[in-house]
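Participant: Can you keep this structure in mind? I'll have questions shortly.
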Amino acid sequence: MKKNRKFCTCGVAVAAILSMTACSAYDETEGFSFAEEETETETENFSLAEDETQDLKDVNTSLAEEEVQDAGTENPSSTGEKTQDTNMQDAENTGLEATADELLDLFINGSINAVDSTDPISTFYITDLNMNSEEGDAYSIGEEVDLDNDGENELIISGPYGGIYLDARDNKVYEFAAADGTALILSYTYYNGAVWIMYSNRSSAGFEFYHMKKFEGADNLAAEMNFGEELADPNNAEAGLKYILNETEISYDEYTELCSKIFAAQVNTNFN
(Lines give C-alpha, C1' and ligand atoms only; values in the text may rest on other atoms or scores of the structure.)
Protein backbone atom coordinates (compact mmCIF):
# COMPACT_ATOMS: atom_id res chain seq x y z
CA MET A 1 0.00 0.00 0.00
CA LYS A 2 2.70 2.53 0.79
CA LYS A 3 4.42 1.92 -2.52
CA ASN A 4 1.23 2.64 -4.46
CA ARG A 5 0.66 6.02 -2.77
CA LYS A 6 4.14 7.16 -3.63
CA PHE A 7 3.57 6.28 -7.24
CA CYS A 8 0.33 8.18 -7.37
CA THR A 9 1.90 11.20 -5.78
CA CYS A 10 4.65 11.17 -8.30
CA GLY A 11 2.16 10.78 -11.11
CA VAL A 12 0.18 13.78 -9.96
CA ALA A 13 3.32 15.86 -9.78
CA VAL A 14 4.38 14.82 -13.26
CA ALA A 15 0.94 15.62 -14.62
CA ALA A 16 0.99 19.05 -13.03
CA ILE A 17 4.38 19.79 -14.51
CA LEU A 18 3.27 18.70 -17.98
CA SER A 19 0.14 20.83 -17.67
CA MET A 20 2.16 23.94 -16.71
CA THR A 21 4.58 23.29 -19.57
CA ALA A 22 1.75 22.99 -22.03
CA CYS A 23 0.17 26.27 -20.84
CA SER A 24 3.49 28.03 -21.04
CA ALA A 25 4.00 26.74 -24.58
CA TYR A 26 0.48 27.90 -25.52
CA ASP A 27 1.11 31.38 -24.09
CA GLU A 28 4.37 31.77 -25.99
CA THR A 29 2.75 30.62 -29.27
CA GLU A 30 -0.16 33.03 -28.80
CA GLY A 31 2.23 35.85 -27.97
CA PHE A 32 4.18 35.15 -31.17
CA SER A 33 0.95 35.28 -33.15
CA PHE A 34 0.15 38.70 -31.64
CA ALA A 35 3.66 39.92 -32.53
CA GLU A 36 3.16 38.82 -36.14
CA GLU A 37 -0.14 40.70 -36.33
CA GLU A 38 1.46 43.89 -34.91
CA THR A 39 4.28 43.60 -37.45
CA GLU A 40 1.77 43.26 -40.30
CA THR A 41 -0.12 46.32 -39.00
CA GLU A 42 3.10 48.37 -38.92
CA THR A 43 3.87 47.20 -42.48
CA GLU A 44 0.42 48.35 -43.65
CA ASN A 45 0.85 51.74 -41.94
CA PHE A 46 4.25 52.23 -43.55
CA SER A 47 2.78 51.35 -46.96
CA LEU A 48 -0.02 53.91 -46.50
CA ALA A 49 2.53 56.59 -45.51
CA GLU A 50 4.55 55.84 -48.65
CA ASP A 51 1.38 56.13 -50.79
CA GLU A 52 0.46 59.50 -49.23
CA THR A 53 4.00 60.83 -49.75
CA GLN A 54 3.95 59.77 -53.42
CA ASP A 55 0.52 61.39 -53.92
CA LEU A 56 1.81 64.69 -52.46
CA LYS A 57 4.88 64.54 -54.72
CA ASP A 58 2.70 63.92 -57.78
CA VAL A 59 0.39 66.85 -56.91
CA ASN A 60 3.29 69.27 -56.29
CA THR A 61 5.00 68.18 -59.52
CA SER A 62 1.78 68.70 -61.50
CA LEU A 63 1.24 72.18 -60.01
CA ALA A 64 4.84 73.17 -60.74
CA GLU A 65 4.53 72.02 -64.37
CA GLU A 66 1.29 74.00 -64.81
CA GLU A 67 2.93 77.17 -63.42
CA VAL A 68 5.89 76.78 -65.76
CA GLN A 69 3.55 76.22 -68.71
CA ASP A 70 1.44 79.29 -67.80
CA ALA A 71 4.57 81.43 -67.54
CA GLY A 72 5.82 80.16 -70.89
CA THR A 73 2.55 80.83 -72.71
CA GLU A 74 1.92 84.36 -71.37
CA ASN A 75 0.34 86.69 -73.91
CA PRO A 76 3.23 88.48 -75.71
CA SER A 77 1.22 91.69 -76.14
CA SER A 78 0.45 91.69 -72.43
CA THR A 79 4.15 91.26 -71.73
CA GLY A 80 4.98 94.18 -74.02
CA GLU A 81 2.42 96.40 -72.30
CA LYS A 82 3.85 95.46 -68.89
CA THR A 83 7.34 96.28 -70.14
CA GLN A 84 6.25 99.67 -71.44
CA ASP A 85 4.43 100.44 -68.19
CA THR A 86 7.47 99.39 -66.18
CA ASN A 87 9.78 101.54 -68.26
CA MET A 88 7.46 104.51 -67.88
CA GLN A 89 7.38 104.02 -64.14
CA ASP A 90 11.17 103.73 -64.11
CA ALA A 91 11.43 107.02 -66.00
CA GLU A 92 8.88 108.82 -63.84
CA ASN A 93 9.49 107.33 -60.40
CA THR A 94 13.26 106.97 -60.33
CA GLY A 95 14.94 108.62 -57.36
CA LEU A 96 17.11 110.68 -59.70
CA GLU A 97 15.47 112.27 -62.71
CA ALA A 98 16.52 110.86 -66.05
CA THR A 99 18.51 113.21 -68.28
CA ALA A 100 16.98 114.70 -71.42
CA ASP A 101 19.12 112.42 -73.60
CA GLU A 102 18.03 109.33 -71.65
CA LEU A 103 14.36 110.24 -71.99
CA LEU A 104 14.66 110.89 -75.71
CA ASP A 105 16.43 107.54 -76.14
CA LEU A 106 13.58 105.83 -74.28
CA PHE A 107 11.11 107.41 -76.70
CA ILE A 108 13.16 106.31 -79.73
CA ASN A 109 13.28 102.77 -78.34
CA GLY A 110 9.50 102.77 -77.93
CA SER A 111 9.69 102.47 -74.15
CA ILE A 112 7.85 105.70 -73.29
CA ASN A 113 5.41 107.98 -75.07
CA ALA A 114 5.31 111.69 -75.84
CA VAL A 115 2.65 114.17 -74.74
CA ASP A 116 0.78 115.87 -77.57
CA SER A 117 1.36 119.64 -77.62
CA THR A 118 -2.23 120.41 -78.60
CA ASP A 119 -3.86 118.02 -76.12
CA PRO A 120 -2.06 117.41 -72.80
CA ILE A 121 -4.08 114.27 -72.10
CA SER A 122 -3.21 112.78 -75.49
CA THR A 123 0.01 110.81 -76.01
CA PHE A 124 1.70 108.90 -78.80
CA TYR A 125 4.51 106.39 -79.23
CA ILE A 126 7.11 106.34 -81.97
CA THR A 127 5.34 103.24 -83.31
CA ASP A 128 2.34 105.46 -84.05
CA LEU A 129 4.42 107.27 -86.68
CA ASN A 130 5.11 105.91 -90.14
CA MET A 131 8.82 105.08 -89.95
CA ASN A 132 8.96 103.17 -93.24
CA SER A 133 11.86 104.81 -95.06
CA GLU A 134 10.65 103.50 -98.43
CA GLU A 135 7.55 105.69 -98.31
CA GLY A 136 7.66 109.37 -99.22
CA ASP A 137 5.65 110.56 -96.23
CA ALA A 138 7.65 108.62 -93.66
CA TYR A 139 9.31 109.97 -90.54
CA SER A 140 12.91 109.39 -89.49
CA ILE A 141 15.12 110.12 -86.52
CA GLY A 142 16.87 113.43 -87.15
CA GLU A 143 19.52 115.37 -85.31
CA GLU A 144 19.48 116.75 -81.79
CA VAL A 145 19.60 120.54 -81.56
CA ASP A 146 19.04 123.07 -78.79
CA LEU A 147 15.86 124.52 -80.27
CA ASP A 148 14.63 126.34 -77.16
CA ASN A 149 17.92 127.98 -76.12
CA ASP A 150 18.07 126.30 -72.71
CA GLY A 151 21.38 124.48 -73.13
CA GLU A 152 19.79 121.06 -73.67
CA ASN A 153 19.12 119.46 -77.03
CA GLU A 154 15.71 118.67 -78.44
CA LEU A 155 15.09 115.79 -80.83
CA ILE A 156 14.02 116.35 -84.42
CA ILE A 157 11.80 113.70 -86.00
CA SER A 158 12.14 114.63 -89.66
CA GLY A 159 9.04 114.05 -91.72
CA PRO A 160 6.22 115.48 -93.82
CA TYR A 161 6.17 119.29 -93.87
CA GLY A 162 8.95 119.46 -91.31
CA GLY A 163 8.06 116.63 -88.96
CA ILE A 164 7.99 116.92 -85.19
CA TYR A 165 10.31 118.45 -82.58
CA LEU A 166 10.44 116.80 -79.14
CA ASP A 167 11.56 118.22 -75.80
CA ALA A 168 12.37 116.25 -72.64
CA ARG A 169 11.74 117.73 -69.22
CA ASP A 170 10.19 116.82 -65.85
CA ASN A 171 10.91 113.14 -66.57
CA LYS A 172 8.64 113.16 -69.64
CA VAL A 173 8.88 113.73 -73.39
CA TYR A 174 6.74 116.49 -74.90
CA GLU A 175 5.87 117.43 -78.45
CA PHE A 176 7.55 120.82 -78.71
CA ALA A 177 6.53 121.74 -82.26
CA ALA A 178 4.79 119.96 -85.13
CA ALA A 179 4.07 120.60 -88.81
CA ASP A 180 0.55 120.62 -90.19
CA GLY A 181 0.37 120.59 -93.98
CA THR A 182 1.28 123.41 -96.34
CA ALA A 183 -0.23 126.00 -94.00
CA LEU A 184 2.26 125.13 -91.23
CA ILE A 185 5.57 123.94 -92.68
CA LEU A 186 7.99 123.50 -89.81
CA SER A 187 11.67 124.50 -89.78
CA TYR A 188 14.11 126.39 -87.59
CA THR A 189 16.61 129.17 -88.12
CA TYR A 190 19.30 131.18 -86.37
CA TYR A 191 18.50 134.86 -86.00
CA ASN A 192 20.02 137.56 -83.79
CA GLY A 193 22.12 135.06 -81.84
CA ALA A 194 19.30 132.62 -80.99
CA VAL A 195 17.42 129.67 -82.43
CA TRP A 196 13.90 130.43 -83.65
CA ILE A 197 11.16 127.96 -84.57
CA MET A 198 9.61 128.98 -87.90
CA TYR A 199 6.25 128.10 -89.44
CA SER A 200 5.81 128.86 -93.14
CA ASN A 201 2.48 129.29 -94.91
CA ARG A 202 2.63 129.12 -98.67
CA SER A 203 -0.76 127.61 -99.22
CA SER A 204 -2.10 130.31 -101.57
CA ALA A 205 -0.79 131.87 -104.75
CA GLY A 206 0.47 135.43 -104.30
CA PHE A 207 0.68 134.92 -100.56
CA GLU A 208 3.42 133.77 -98.17
CA PHE A 209 3.55 134.27 -94.48
CA TYR A 210 6.03 133.33 -91.75
CA HIS A 211 5.60 133.04 -88.01
CA MET A 212 8.67 132.72 -85.79
CA LYS A 213 8.99 131.89 -82.10
CA LYS A 214 11.98 132.21 -79.80
CA PHE A 215 11.96 130.18 -76.61
CA GLU A 216 14.08 130.33 -73.48
CA GLY A 217 13.11 126.90 -72.28
CA ALA A 218 10.39 124.92 -74.01
CA ASP A 219 7.65 126.28 -71.74
CA ASN A 220 8.84 129.89 -71.89
CA LEU A 221 7.99 131.81 -75.08
CA ALA A 222 10.37 134.79 -75.08
CA ALA A 223 9.55 136.47 -78.43
CA GLU A 224 7.49 136.16 -81.60
CA MET A 225 7.80 137.66 -85.06
CA ASN A 226 5.50 137.69 -88.10
CA PHE A 227 6.42 138.73 -91.60
CA GLY A 228 5.31 138.05 -95.14
CA GLU A 229 4.01 139.36 -98.40
CA GLU A 230 0.51 139.51 -99.81
CA LEU A 231 -1.49 141.19 -102.55
CA ALA A 232 -1.89 144.92 -102.01
CA ASP A 233 -5.42 144.55 -103.37
CA PRO A 234 -6.93 141.05 -103.16
CA ASN A 235 -9.33 141.97 -105.94
CA ASN A 236 -6.65 143.28 -108.29
CA ALA A 237 -3.58 141.13 -108.92
CA GLU A 238 -2.00 143.94 -110.92
CA ALA A 239 -1.89 146.16 -107.83
CA GLY A 240 1.30 144.43 -106.75
CA LEU A 241 2.45 143.15 -103.35
CA LYS A 242 2.83 144.67 -99.95
CA TYR A 243 5.28 143.54 -97.26
CA ILE A 244 4.44 143.14 -93.62
CA LEU A 245 6.53 142.89 -90.45
CA ASN A 246 4.55 142.44 -87.25
CA GLU A 247 1.41 143.95 -88.80
CA THR A 248 3.37 146.96 -90.06
CA GLU A 249 3.92 147.54 -93.75
CA ILE A 250 7.59 147.83 -94.73
CA SER A 251 9.39 148.52 -97.98
CA TYR A 252 10.49 145.87 -100.43
CA ASP A 253 14.17 146.52 -99.60
CA GLU A 254 13.55 146.14 -95.87
CA TYR A 255 11.68 142.96 -96.50
CA THR A 256 14.34 141.40 -98.71
CA GLU A 257 17.08 142.31 -96.23
CA LEU A 258 15.14 140.66 -93.41
CA CYS A 259 14.48 137.55 -95.48
CA SER A 260 18.11 137.26 -96.54
CA LYS A 261 19.19 137.05 -92.88
CA ILE A 262 16.50 134.58 -91.83
CA PHE A 263 16.50 132.20 -94.78
CA ALA A 264 20.29 132.08 -95.05
CA ALA A 265 20.39 130.29 -91.69
CA GLN A 266 17.16 128.29 -92.10
CA VAL A 267 17.31 124.52 -91.61
CA ASN A 268 14.58 122.50 -93.34
CA THR A 269 13.51 119.28 -91.67
CA ASN A 270 10.79 118.22 -94.09
CA PHE A 271 10.70 115.69 -96.91
CA ASN A 272 8.01 117.38 -98.99
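Participant: What pairs come up if the first residue lies in the stretch 250-268 and is touching a residue at least 60 places away in the same chain (Cβ under 8 Å), the second is open to solvent by less than 100 Å² (accessible area, probe 1.4 Å) and part of a helix (DSSP H, G or I), and their beta carbons are under 8 Å apart, counting only those six or more places apart or on different chains?
Facilitator: Matching pairs, first to second residue: N268/G162.
One line per residue, one yes/no per condition, for (1) in contact with a Leu (Cβ under 9 Å, 6 or more places away or on another chain); (2) surrounded by fewer than 15 Cβ atoms within 10 Å (Cβ to Cβ); (3) under 19 Å from I262 (Cβ atoms):
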| residue | (1), (2), (3) |
| --- | --- |
| D146 | no, yes, yes |
| K172 | yes, no, no |
| Y188 | yes, no, yes |
| I197 | yes, no, yes |
| E208 | no, no, yes |
| K214 | yes, no, yes |
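Participant: Look through the stretch 195-244, keep the residues that are acidic (D, E) and not in a strand (DSSP E or B), and return whichever of them is farthest from D146 (Cα to Cα).
Facilitator: Residue satisfying both the conditions and the ranking: E238.
Participant: I've got another one for you. Suppose we keep only residues that are among the acidic types (D, E) and surrounded by 14 or more Cβ atoms within 10 Å (Cβ to Cβ) within the stretch 216-245. Which one would you say is modelled with the highest pLDDT?
Facilitator: E229
The values are calculated or read from the model by the stated rules, or taken from the named source; none is laboratory data. What you see is a predicted model, and the numbers here were worked out from it, not measured in a lab. Methodologically, a virtual Cβ is constructed for each residue, glycine included, from the backbone with ideal geometry; neighbour enumeration extends over all protein chains shown. We work out accessible area using only protein heavy atoms, side chains counted, and drop any ligands, DNA or RNA first. Shrake-Rupley method; radii C 1.70, N 1.55, O 1.52, S 1.80 Å.
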